[in-house]
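Accompanying notes for the structure given below.
Bear in mind these aren't lab numbers, they're just calculated from the coordinates by the rules spelled out. Worth saying up front: this structure is predicted, and the values here are computed from it rather than measured. Because the Cβ atoms are built from the backbone with ideal geometry, glycine has one as well, and the counts that use them run over all protein chains shown.
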Amino acid sequence: MTNGTATVTIRDVTPRDGLQAGTPVSSAARAELAIALADAGLAHVEAASFVSAKAVPTMAGADEVFGLLPECDTVWWALVPNARGAEAALAAGVRNITVTVSASTAYSEKNVRRSTAEALAGLAEIAAVSQPAGADLDVVVSCAFGSPFDDVISPSPVIDVVDAALRAMPGARITLADTTGTATPRRIAAVFAELAGEAHTDLGLHLHDTRGTALANALWAFEHGVHRFDTATGGLGGSPFAPGAGGNLATEDLVLVLEDLGIPTGIDLDAILRIADSLSSLVGHSVPSRTAAAGPLPFFDSQRPLA
């Protein structure tokens with residue numbers, strides 16, 4: 001793998017995806033976590049989700065979280081499920097919005113209680129609210145490489161969702177999400193082969209590590225032109241609505257390997273490892289990240305003789 005002048009953009013989603021399926025954490029603690037991630041060099045952080053507190057109690061108080069975030073170089077993102085969520089996010093000062101649409105109708109009905117077709121129709125409503133306010137939008141396509149409900153068995157439904165999303169939200173980014181960790185380089189390549197035009201210009205990946213393939217998938221995708229990734233410190237996360245969903249690709253795992261390859265991330269690995277260590281007490285269990293457990297790499301330089 002060559003580094004050249006390539007860089008990556010990593011959006012840490014720990015305060016949102018990383019915490020959504022666990023025990024509720026206070027708004028103040030989630031804001032403190034987001035700020036710590038920014039201090040560690042994360043240029044993008046998904047800090048909260050403006051969803052129903054009844055549906056996802058762990059995400060209650062999203063407006064409080066954003067009220068505690070400082071203006072800084074870090075771009076703060078929030079997830080919204082519908083136009084009402086977008087209005088609440090905008091009122092809280094959010095200007096960078098993610099919205100999910102699933103290639104799997106079965107997952108969509110469990111996650112947002114709407115079919116994929118209904119969720120796609122809602123994108124235009126979110127765009128009508130958000131884009132006049134100057135918000136940047138990122139459509140995250142769930143179950144992009146397979147579904148736990150066996151209703152995404154080829155790239156076709158993924159491509160249909162991407163095309164419909166771009167029609168509803170012109171200029172939006174597209175992030176393909178491996179919601180339950182079913183992606184492999186072969187499956188990602190199959191989807192990429194069907195994508196064309198605008199969707200390829202700023203494509204991102206949101207990877208989960210259910211089967212231990214997330215890092216391999218990220219490195220393959222980077223080599224094939226994807227330079228934008230969602231990760232979570234400690235490897236936390238997973239959808240509460242997807243059976244068998246594992247945690248996200250760990251921020252520290254990706255940073256460690258990229259930096260060792262000479263690919264700059266701008267992220268302080270030692271600081272991320274300290275945050276990962278603190279997360280264990282916050283969530284009440286150890287984090288799954290391998291790098292969090294093993295620590296940073298020892299020095300190794302092929303240009304020097306081995307001792």
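Taking Rh as the Kirkwood radius computed over C-alpha pairs, what is the Stokes-Einstein D of the chain at 37 °C in a medium of viscosity 0.692 mPa s, expressed in µm² per second?
170
Using 0.36 nm per residue, how much length does the chain from ASP260 to ALA43 gain when fully extended, once their Cα-Cα distance is taken away?
On the way: separation 217, 0.36 × 217 = 78.12 nm, distance 1.98 nm.
Value of the extension gain: 76.1 nm.
To the nearest 0.05, what FRET efficiency results for ASP73 and ALA133 with a Förster distance of 35 Å applied to their C-beta separation?
Here the calculated transfer efficiency is 0.95.
If I stretch the segment between SER286 and ALA6 completely, what's the gain in nm (0.36 nm per residue apart, minus their alpha carbon distance), one decimal?
97.5 nm
Cα centroids of the stretch 229-307 and the stretch 118-180: how far apart, whole angstrom?
28
Arrange the following residues from fewest to most other Cβ atoms within 10 Å of their Cβ: TRP77, TRP220.
Ranking TRP77, TRP220 by Cβ neighbours within 10 Å, fewest first, gives TRP220, TRP77.
Can you give me the distance in nm between label points at ARG84 and ASP160, each placed 7 Å from the Cα along the Cα-to-Cβ direction?
The modelled label-to-label distance comes out at 2.8 nm.
Tell me what the chain gives for mean residue ellipticity at 222 nm when only DSSP H runs of n ≥ 4 count, each as -39,500 (n - 2.57), the sum divided by the residue total, rounded to 500 deg cm²/dmol.
That comes out to -11000 deg cm²/dmol.
Given an 8 Å cut-off on Cα distances and at least 6 residues of separation, report the relative contact order of the chain as a percent.
RCO, the chain: 19 percent.
Using a Förster radius of 22 Å, what is the FRET efficiency between ARG274 and ALA29 based on their Cβ-Cβ separation? Nearest 0.05, please.
0.90
What are the extents of the Cα atoms of the stretch 162-218 along their three principal axes, listed from largest to smallest and rounded to whole Å?
For the stretch 162-218, the Cα spread along each principal axis is 35, 18, 16 Å.
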